[in-house]
Every structure is written in structure tokens, then in C-alpha cells.
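**Student:** Sharing a structure, written as C-alpha cells. Questions coming.
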Amino acid sequence: MDASRRPQPPKHDSRCRFRPFAAALLPLLLTVCCGSHAAAERPRVGEVALHNTGAAEAQADFLAGLAALHSFWYEEARDLFQRAQEIDSGFALAYWGEAMTHYHPIWRSTSPSAGRAALDDLDAEAGDRLRRYGTGVEQALVDAARHLFEDGDRAFSESLAEARSEFPDNTEIAVFYALSLQGRAAGPGRRSAEDHRLIAESAALLEELFERHPRHPGVLHYLIHAVDDPANAHRGLEAADLYSEIAPDSSHALHMPTHIYLQVGDWDGVVEMNRRAWEASERWVERKDLPLWKKDYHALSWLHYGLLQQGDFAGAAGVLETLRTNGGGLAGSEARFTARHLIETEEWDFELPDSDRDEVRFARAFAAAKRGRTEEAREALDSFSGTGDTDEILRHELEGLLAFVTGRSERAVASLARAAGLESETRIPTGPPDLLKPALELQGEVLLELGDCEEARRAFERSLERMPNRRLSVRGERRAAACSTG
């Protein structure tokens, strides 16, 4: 939104004030109050409803903010909640909504201090009105937020569980409870049996809510997150298709369906929706006059990967040019994009940036080995500095590839078997794989070159179980099958 279009504080104290009419009127969804507030352009972010005691004039901004919040469009949601506060300074849920924009459970980046600050504003501006006239649901949501920012994810979830018992038909309480279960679970790849139970409970609740609220952005969004793996992705296909329709102004909402499309190998869907997501972020940045780094480079990276899986290398190269014309994106974006481009296209002389990032070092070593430049490959491998689980796998891959190109077949097979075994123990990717070259895929390619067609076929099949319809694994499986039958 243009700064000039943002609502400005009135010159006089003419903001809408809550007027406690007769007690019989208190439960009304919208309270009638004085004054006027110019309607502002609002994003299309889906449909939500929440009974509350805010001023009638503040409802459109509040509900748009709530819908944007459910799509993790935190900055836009915060602006909308603050606009609702400007209209009705005693609107408790507008401050609650602002606080909730600092809750980032999936990204593991919640800011308790910022959330508490917004709740402090609530207490100062709307606390008395909330205590005297707030509905039970309003008070329950605010109480849960206090638990979240004071005591953490588990306390938040338990508070919402109690609220669900008291208000079993309230959609927003149920949706936030489902999200809280995911927030309590560890990230993919580090989950215990209890974590998997929490995710399963969240998915089951969201599927139940989906039957009644198929256009609610939070229901659709959080269901996609709950079933984001090849074994369960089919449960999210209908939600993914609907989510792509209801929130066309939110880049994240447009991107999210591709978590499901990727898990089923639908590269057309991945490309289409991430292109739309990138374009939506461009419009938002232009409309708000924001810096270039606010654009959705996450969606752009998925678009690049999807084009590579389609075999559209020219289109993928166009994405690299888009990245460069936007200042190179976020830190490390160009290094990762170009390193992935080289590996996926197998253009071993593709120019890499002058970077000391490990993605580039890996791609440089891999390309050198493929071109028979073993000393160059060894030098690049020796400079590889990563210490994480992924880095260990990449080292085994490079060791195996170097052994293969220098004729040490047994060493190559052993190193790649180690890499493939370690990869099998990692989480199934929920996006473009962290491993620039999946180890099972490389193992299959080397085994195929060594003439072990059956073992190669098994390696490709295992790779495709983790990443359905991945282009180079599909190619390898076909070649291995032809080799086995030939």
C-alpha cells in the first residue's frame, strides 16, 4: 500500500469509540459507533469470520488481517491490524492480531518480546473494554497469546485445547489449535514418535475442518504443511488446488500448493504457481515501495527447480537472469541457484560465481571430476568447509565420484553406498533438496556406468520414493531397466 493511502490519525479525537449500549446489545458481531474511515484497498486473501466486539468500521481491515495472518503474510497482516486499531483504538482483537504476527511456528522464528509488546498495547488501550465487554472467545484467544509469548508453544497449545473444550464450534480457536500442534513438533527430520503424533492429530483436525470450511486460508495452509511428504501428499491435493484460488494477492499462499505438487512430481503445477507467487510478490513490493529483498526469492528458487525438472533449461536460465536483475536476491541466493543449475543441467562448463560458499565449491568439484580434471576436483573438495550432516554426505559423494573417474571402482562403490545410506536416514525433502546431487541418484548413475544394472535400478527407485518424478532419477531408472532387460 502506498504510504499516501495509509489511514492517517485524525486531527481531532474522532476515532470510533466503543459505546456500551444496553447489555443485550453487547454480544453483537459488529458494534455501531461514530465517525468514518476511508475505505482502503485490501488484498484478496480468502474468507474468515470471527464474532467480536470491534467497531463495524474496523471489521474489514481486521478480517483481512486475520486472513493474511493465516497465509503467513505477516507484514501485510500487521498493517491491516494497525489500521483496525486506528479506526477503533479499543478493539482488543486488533492488538491480539498484531501480536500473533510475531508467532512463526513453522519457520521457528517466533519473537516473544515483540508479541508481548503488542499485548502491552492491548492492555493499555483495550484492556478495560475487553474485561468488561469482551466475548468468551475474545478473552480465550488473548489468554492463549499471553501463554504463548510468556511460556512458549506447549503452554499456547494447552491453553487453546482448554478453549476448544469451552467453545467447540469456534473455527478460529480450532484452526489455531491445529497450528499450535505443528508448532510443538520438531521440524521434519528430527521428529520423535510424539512429534509424529502431534502432526497426525493436527492433520486429522484440519481434514475435519476442511469438510466444513473449504475456503478458510488457515485450514488449507496448515493442512498442506501437515501432509507435506510423498506418502501423505494425496491428502492435501484438494486443499492445494483450492488454496491456489482463494488468495491471489499473497505470494506465500500461491506458493504453498506447490509443497503438495512437488511431493507428487507435478512439475507443471510447481512452475505455474511459483511463477504466480513471484509475480504477486513483485506487485506487492511495487505497491508498498519496498526494497528488492522483500520479493519472494523462496518461490523463485522453487520456480527455478521446477523448470529444471521439466527440462526447460532456457526457462531456468531466464530465472537466473531475473535473480541477477534483482540484485542477486538474498545472501547466498546466486551461489545456490547457479550451483543447482550446473548439477541439474549437467552443463559442466557452466560459469559459477566467484564465491567461497560450499554450494559453489561442491558444484565446482563435481564439474571438475566429470570433466576429468581430478587435481582441480581434489583441490575444490579439500576446500569444502561444511560440517553438517548434508556436508558429510556431499563429501562422500565427491570422494566416490573422484574414485570412479580415476578407476578405483571398489572405493567408488563403497563411498557412494555410504553417502546413499546417510541420505536415506535424513528427512524426505519438502522442497528442492538440500543435497544438490541426491546421493541415491548419483549412486545409481555410477553403478549403471559400472554395468550393475539391477543395483542401479534399485538405487533410482529408492531415490524416486523420496522425490517422485525427479527428472534425472526417472532418466536413470529407465536406462537401468533397459540395461537389465537388454
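The values are calculated or read from the model by the stated rules, or taken from the named source; none is laboratory data. Just so we're clear, the structure is a prediction, and the values are computed from it rather than from any experiment. All Cβ positions, even for glycine, are placed from backbone atoms using ideal geometry, and neighbour counts span all protein chains on display. All accessible areas refer to the heavy atoms of the entire protein, side chains included, with ligands and DNA or RNA removed. Shrake-Rupley method; radii C 1.70, N 1.55, O 1.52, S 1.80 Å.
**Student:** Along the range 478-483, what does the Karplus equation 6.51 cos²θ - 1.76 cosθ + 1.60 (θ = phi - 60°) give for ³J(HN,Hα), rounded to whole Hz, x for Gly and Pro?
**Tutor:** Whole-Hz 3J(HN,Hα) from phi for the range 478-483: 5, 5, 5, 5, 5, 5.
**Student:** What is the P(r) of the range 174-277, as percent of Cα-Cα pairs per 10 Å bin from 0?
**Tutor:** With 10 Å bins starting at 0, P(r) equals 17, 48, 31, 4.
**Student:** Averaging the inverse of every distinct alpha carbon separation and then flipping it gives the Kirkwood radius. What is it for the range 308-413, in angstrom units? Let's see the in-between values first.
**Tutor:** Values: mean 1/r = 0.0691 Å⁻¹.
After inverting the mean inverse Cα-Cα distance, the result is 14.5 Å.
**Student:** If you scale each eigenvalue of the Cα gyration tensor by 5 and take the root, what three semi-axes come out for the chain, rounded to whole angstrom and sorted largest first? Walk me through the numbers on the way to the answer.
**Tutor:** Details: eigenvalues 491, 109, 69 Å².
Its equivalent ellipsoid spans semi-axes of 50, 23, 19 Å.
**Student:** Could you give each residue of the range 207-217 its phi-based ³J(HN,Hα) in whole Hz, using Karplus coefficients 6.51, -1.76, 1.60 with θ = phi - 60°, and x for Gly or Pro?
**Tutor:** Listing the rounded values in order: 5, 5, 5, 4, 4, 9, 9, x, 10, 7, x Hz.
**Student:** Once both axes come from the Cα atoms, what is the angle between helix 59-70 and the longest principal axis of the chain, in degrees from 0 to 90, rounded to 10?
**Tutor:** Helix 59-70 sits at roughly 20 degrees to that axis.
**Student:** Can I ask one more? In terms of the Cα gyration tensor, with a ≥ b ≥ c the square roots of its eigenvalues, is the range 204-248 rounded because a/c is under 1.5, prolate because a/b exceeds b/c, or oblate? It would help to have the intermediate numbers written out before the result.
**Tutor:** Values: a/c = 2.01, a/b = 1.27, b/c = 1.58.
It comes out oblate by the Cα gyration axes.
**Student:** Could you give the angle, 0 to 90 degrees to the nearest 10, between helix 439-449's Cα long axis and the longest principal axis of the Cα atoms of the chain?
**Tutor:** 20
**Student:** Could you work out how far helix 237-246 tilts from the main Cα principal axis of the chain, as a 0 to 90 degree angle to the nearest 10?
**Tutor:** Its long axis makes an angle of about 50 degrees.
**Student:** Then there is this: Each residue of the range 102-112 in turn: what ³J(HN,Hα) in whole Hz from Karplus with 6.51, -1.76, 1.60 and θ = phi - 60°, glycine and Pro shown as x?
**Tutor:** Going residue by residue, I get 9, 9, 10, x, 6, 8, 6, 9, 4, 10, x Hz, with x marking Gly and Pro.
**Student:** Taking the range 52-148, which chymotrypsin sites (Phe, Trp or Tyr not before Pro) meet the DSSP loop condition and have no more than 14 other C-beta atoms within 10 Å?
**Tutor:** When the chymotrypsin sites (Phe, Trp or Tyr not before Pro) of the range 52-148 are filtered for loop state and at most 14 Cβ neighbours within 10 Å, W107 remain.
**Student:** Can you tell me the accessible area per residue over the chain, all protein chains present, probe 1.4 angstrom, in square angstrom? Before the final figure, lay out the partial values.
**Tutor:** Numbers: 20620 Å² over 486 residues.
Normalised by residue count, the accessible surface of the chain is 42 Å².
**Student:** How many percent of all Cα-Cα pairs in the range 361-486 sit more than 24 Å apart?
**Tutor:** Considering the range 361-486, 23 percent of its Cα-Cα pairs are separated by more than 24 Å.
**Student:** Based solely on its DSSP helices, what 222 nm [θ] is calculated for the chain when runs of n ≥ 4 H residues each add -39,500 (n - 2.57) and the sum is averaged over all residues, nearest 500 deg cm²/dmol?
**Tutor:** Values: 23 runs with 311 residues, N = 486.
Computed mean residue ellipticity for the chain: -20500 deg cm²/dmol.
**Student:** How big, in percent, is the set of alpha carbon pairs in the range 270-370 lying more than 20 Å apart?
**Tutor:** Result for the distance tail: 38 percent.
**Student:** For S355, list long-range residues whose amide hydrogen, built 1.01 Å from N in the peptide plane, is under 5 Å from its own amide hydrogen.
**Tutor:** When sequence neighbours closer than 5 places are left aside, there are no close amide H contacts.
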